[in-house]
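Have a look at the structure below before the remarks.
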Amino acid sequence: MSCDMCDNKEIVSVVKIEGVEMTVCKDCSKFGTFIRPLNQTPVLKPRSHRQIKEPEVIEIVRDGTPAILKQKREQLGIDQAKLAAKMRIKLSAYNHYESGSAKPDLTTARILEQHLGVTLIKKEKVRQVELDHDDSPSMTIGDLIKKRK
Ligand SMILES: [Zn+2]
């Protein structure tokens with residue numbers, strides 16, 4: 001693909017010349033009415049850019065944490081008070097974790113994991129679709145032009 005007006009291979013913009021849209025090099029773009037830079041053609045540029053983005057991995061505390069804690073603690077044959085003291089966690093806090101009325105944060109979950117030899121944290125990929133939603137404030141000029149059409 002080269003300039004519609006000359007043989008220059010470096011096409012930089014889309015211009016309108018005598019009513020006809022042409023993709024032209026920098027020199028020839030002077031002859032027409034500027035429409036848009038070539039790299040913003042509607043050929044899904046903003047979208048393809050987003051798809052390249054790696055899905056984010058986040059760490060979350062498993063939903064089954066209370067059951068895991070209870071089962072493991074009973075296996076070990078110690079009561080909540082002893083376990084909480086061992087981990088330097090408030091008994092009331094530990095009690096919440098085991099009953100499920102509160103979820104340990106990641107730091108606490110790691111302490112629980114270490115002391116009990118269980119896995120409470122799982123890694124989860126944030127789906128691309130959700131990222132796109134959060135992305136809306138950073139819309140590109142290309143997006144805005146498309147919306148107006
Ligand atoms: Zn040219």
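The values are calculated or read from the model by the stated rules, or taken from the named source; none is laboratory data. Note that the structure is predicted; figures quoted are calculated from it, not measured. Counting neighbours? That spans all protein chains shown, and the Cβs are built from the backbone with ideal geometry, glycine included.
General observations
- Hits in the range 76-89 (condition: surrounded by 15 or more Cβ atoms within 10 Å (Cβ to Cβ) and part of a helix (DSSP H, G or I)): Q80, L83, A84, M87
Residue-by-condition table, conditions (1) surrounded by 14 or more Cβ atoms within 10 Å (Cβ to Cβ); (2) modelled with pLDDT of 90 or more:
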position	(1), (2)
F34	no, yes
P46	yes, no
E56	no, no
V61	yes, yes
L69	yes, yes
E74	no, yes
L91	yes, yes
Y97	yes, yes
T107	no, yes
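- Residues satisfying the stated conditions in the range 1-18, i.e. away from the ligand (no atom under 11 Å from the Cβ) and at pLDDT below 90: M1, E18
- E130 vs. criteria modelled with pLDDT under 95 and exposed (fewer than 12 other Cβ atoms within 10 Å of the Cβ): yes
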